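What follows is a single structure, written as structure tokens, with notes after it.
The values are calculated or read from the model by the stated rules, or taken from the named source; none is laboratory data. Predicted model only: the values in this text are computed from it and were never measured. Every residue, glycine as well, gets a Cβ built from its backbone with ideal geometry; the counts of neighbours run over all protein chains shown.
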Amino acid sequence: MQTTTIDKREDTDTRDTLERLEREFAADSPFAQPLTGRAVVQARGLTRTYGKGDAAVHALTGVDIDIAAGRLTAIMGPSGSGKSTLMHILAGLDEPTGGTVWIDGAEITRLKEKKLTQLRRDKVGFIFQSFNLLATLSADENIVLPLSLARRQADEAWRRAVIEAVGLQDRLTHRPAELSGGQQQRVAVARALITRPAVLFADEPTGNLDSRTGGEVLDLLRRSVDEFGQTVIMVTHDVGAASIADRVVFLKDGRIVLDRARMTRDAIYDTIKNLETPAAKPVARVAVEV
Ligand SMILES: Nc1ncnc2c1ncn2[C@@H]1O[C@H](COP(=O)(O)OP(=O)(O)OP(=O)(O)O)[C@@H](O)[C@H]1O
Ligand SMILES: [Mg+2]
């Protein structure tokens, strides 16, 4: 009984201190918005098992996560740790074996295919490693494709703002084959932003780009958060990419092992090296409240 009381007091003290530090940090720092905010994506108790019996692979073994609005979150971890599986489930592209996901308050794990497709179209944007543009369409047609599919008109001012942000004004009539890799990925970023999605998912967005063009795409994602208030979740192996994130979540063996606000390149590099060492001790999880 005695112990419980002491623990409770310590908890309250710790929470008060954290809240105070967070307020001070938010007031002092030019780029620090508080880490608290509305959760656009939430997941509880996510599991995903591929296959059955002896051949079963437990890709996710119990993931809880809240993604705050208007922040850039990076998901990192060794190959096979479950990053793409988690991203696909959070985006409603795959179903979990167990657990629940909400996007913008809607429980997507309960939705039937038709409603889920509609919700994805309205609320979710995607950027893939391999750009996934339609070869027969111009850059401009690719950008407005999500609107065309939904039979929605582009808001002209927004379309112009997005095209200007990605710097493709003089490439709009070009087909993907006539664009560089970096330009193609910028078309993909514009296509993802055009519907003003509640959340934009990017799986290795710089994986097929050299460091300079990759840097341009990252700069664009960062600006979409800072200037348009976009919420972005990015899976990446790239230490530089993760260092522009507001928060870095590390997975290992299908669970979150570390969850940190903004990290330096060196800290990210050290953490990844530690996680990739099979004998490494488990890292304590530090929750980032949203
Ligand atoms: N369709 C599938 N069928 C069976 N196993 C799968 C399937 N997809 C993924 N897995 C397994 O689930 C685990 C997690 O895979 P996932 O693709 O999520 O990892 P990842 O962290 O994205 O890896 P990488 O960094 O290599 O992209 C791996 O062991 C993988 O082999
Ligand atoms: Mg992957």
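Considering segment 176-204, and only residues there that are surrounded by fewer than 17 Cβ atoms within 10 Å (Cβ to Cβ) and farther than 30 Å from T85 by Cβ, the residue that is farthest from ligand 1 (Cβ to nearest atom) turns out to be E178.
Yes or no: A279 part of a loop (DSSP other than H, G, I, E, B), under 18 Å from the mean Cα position of the chain (by Cα) and either at pLDDT below 95 or surrounded by 15 or more Cβ atoms within 10 Å (Cβ to Cβ) (or both)? Spelling it out, it is not the case that A279 is part of a loop (DSSP other than H, G, I, E, B), under 18 Å from the mean Cα position of the chain (by Cα) and either at pLDDT below 95 or surrounded by 15 or more Cβ atoms within 10 Å (Cβ to Cβ) (or both). Give segment 69-98 a look and list any residue that's part of a loop (DSSP other than H, G, I, E, B), among the hydroxyl-bearing types (S, T, Y) and within 10 Å of ligand 2 (Cβ to nearest atom), or say none. Within segment 69-98, S79, S81 qualify.
From the residues in segment 152-171 that are more than 27 Å from Q118 (Cβ to Cβ) and surrounded by fewer than 10 Cβ atoms within 10 Å (Cβ to Cβ), which one is farthest from the chain's Cα centre (by Cα)? By that ranking, first place goes to D170. Candidates I233, I244: the one that is in a loop (DSSP other than H, G, I, E, B), within 23 Å of R196 (Cα to Cα) and touching a residue at least 60 places away in the same chain (Cβ under 8 Å) is I244. Taking segment 239-262 as the range and being more than 25 Å from R44 (Cβ to Cβ) and surrounded by 21 or more Cβ atoms within 10 Å (Cβ to Cβ) as the test, only A241 passes.
The set of residues from segment 78-114 being near ligand 1 (Cβ under 8 Å from one of its atoms) and hydroxyl-bearing (S, T, Y) comprises S79, S81, S84, T85. Among the residues making up segment 180-210, those that are aliphatic (A, V, I, L, M) and touching a strand residue (DSSP E or B) at 6+ places or on another chain (Cβ under 9 Å) are A188, V189, A192, L193, I194, A198, V199, L200, A202. Considering (1) surrounded by fewer than 12 Cβ atoms within 10 Å (Cβ to Cβ); (2) more than 29 Å from T109 (Cα to Cα); (3) in contact with a Lys or Arg (Cβ under 8 Å, 6 or more places away or on another chain), the lone condition that L149 does not fulfil carries the number (2).
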